[in-house]
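The values are calculated or read from the model by the stated rules, or taken from the named source; none is laboratory data. None of these values were measured; they are calculated from a predicted model. So basically every Cβ, Gly included, is an ideal-geometry build from the backbone, and we count neighbours across all protein chains shown. The accessibility values were calculated without ligands, DNA or RNA, using every heavy atom of the protein model including side chains. Shrake-Rupley method; radii C 1.70, N 1.55, O 1.52, S 1.80 Å.
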Amino acid sequence: MDFRRRFAVRFASRSVILAVAIVGFAWLLLHAALPATTLLVGGVVIWSALAIWSLVRSTNIEVGRFVSALDYGDLTQSFARPGRGSGFEELGDALDGAMRRLRDERAASAAENRFASALVDGAPTPLLAIDDEGRIELSNKAARRLFDRVDGVRAVDFASYGAEFVDALQGVSPGSRRLSPMLVNGLSQRAMLAATTVERGGAVWRIVSVQIIQRELNAAEIAVQTDLVRVLTHEIMNSMTPVTSLASSAAQLMGEIDDGRDEAIGDARLAVETLARRAEGIMHFVETYRSFSRAPEVNRRPFAARPWADQLVRLFTATPQAGGVTLDLAVTDDLDLIDGDADLLTQVVLNLMKNGAEAAAAYSDAPRLGLSIASLQAGRVRIAVSDNGPGVAANHVEDVFLPFFTTKRDGTGVGLSFARQVVLLHEGAIGLAKSEMGGARFEIVI
């Protein structure tokens, strides 16, 4: 306000002086008198015009510098002009104040952008940015870790993660969610895709989050199965305990009265003894599944990979299933330690090896078994057991990890369910794939 007032006063005063000088100069010229005075008044006219021009020009220069600085984004300019008078000090202070506010706003905006970038980059959920032409950017560290095998910017470049995942990536619309299978380290995982839109550089981008939820689905499924087994075994135990006791007592009594002379009594004794044995078998079966309903305690600590693999070979060689089976062992050189419960993992892997050996021996004249342990990205480890048996029927692939399910005549359906429990407790995944040997291949990733 001071600049405006002082500028107006100075401009008005010089304008008045110029007007008076012009009137006086014109009067002197008309009367052709006082030549010296005429020249002097003419000089005043010229001086007043130049003073007004200089005042306006100086103001325009300062404002022009300010606008130019804004145009080029140069917020380092200073406009302080001490000692110039006519309000230019106030103009310079006002322009400098505006520059300071702009610098502060730019710094705050930059800090906010850095915060947002760090927040996005550090988010645990992978984020993909897709423009209107279908180009895809990996927007944060989680995305770069998950899609480390992608070499391209189009949806088709994600084909190694499965055709269904590519379709879901292209098809998920803003504001919606889509559940899709996804291949991660060779294992099929369930992923939830969600999309939204943001404006960036004048264009609308689709932001897609990819959250692998297979672990949560597995844990929920195991919890439901465990509760179901707990309830069923409890009810069966309550019902079968008196039956088993009575059948055993009846078999003992029948044994005492059967002297072999009465065929009917002998038949009754045989039936009661069969009933008693069957009741005891059911009780044993139920006791087995009661242990399944109690999750094992995991004592996780790093252990050496190669010695553990050699121990697995020795343990397997000592089992009846190892007879006549050729075992191939492969451990990658870059793998030193495995972070897990060595005892539980030994139990799981050894059971897979025995199952594979049985399947291969029953199917092939030259049964083979493969055990491979390899390091993956981000400290993960893959343990795979392969065989050259008949493999798993396509209609059984989704069922093999369910409790009670077995294709073996004398199987209990506990082994693979227990294996899945152990792997999930290691925050890992277990899956079934086609073996390079032609049979089944069980893969564990922890």
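Worth a mention:
- With both labels modelled 7 Å from their Cα along Cα-to-Cβ, the Arg135 to His284 distance reads 6.9 nm.
- Spacing of the two label points (7 Å from each Cα toward its C-beta) at Leu39 and Ala271, in nm: 15.4 nm
- Whole-Hz couplings from phi, Karplus 6.51/-1.76/1.60, listed for region 331-347; x for Gly and Pro: 10, 5, 5, 7, 9, 9, 10, 10, 8, x, 8, 4, 5, 5, 5, 4, 4
- Here the calculated FRET efficiency for Leu232 and Asp151, from their Cβ-Cβ distance with R0 = 45 Å, stands at 0.35, rounded to the nearest 0.05.
- Split the accessible area of region 276-382 by element, probe 1.4 Å, and carbon with sulfur accounts for 49%.
- Whole-Hz ³J(HN,Hα) from phi, Karplus 6.51 cos²θ - 1.76 cosθ + 1.60, for region 267-276, glycine and proline x: 5, 5, 4, 4, 5, 5, 5, 4, 4, 5
- Take 386-392, 370-376, 353-359, 218-224 and order them by the average number of nearby Cβ atoms within 10 Å per residue, most first; the result is 353-359, 386-392, 370-376, 218-224.
- Rounded to whole numbers, the Karplus 3J(HN,Hα) couplings from phi for region 158-173 are 9, 4, 5, 9, x, 5, 5, 5, 4, 4, 5, 5, 6, x, 5, 9 Hz, using 6.51 cos²θ - 1.76 cosθ + 1.60 with θ = phi - 60°, and x at Gly and Pro.
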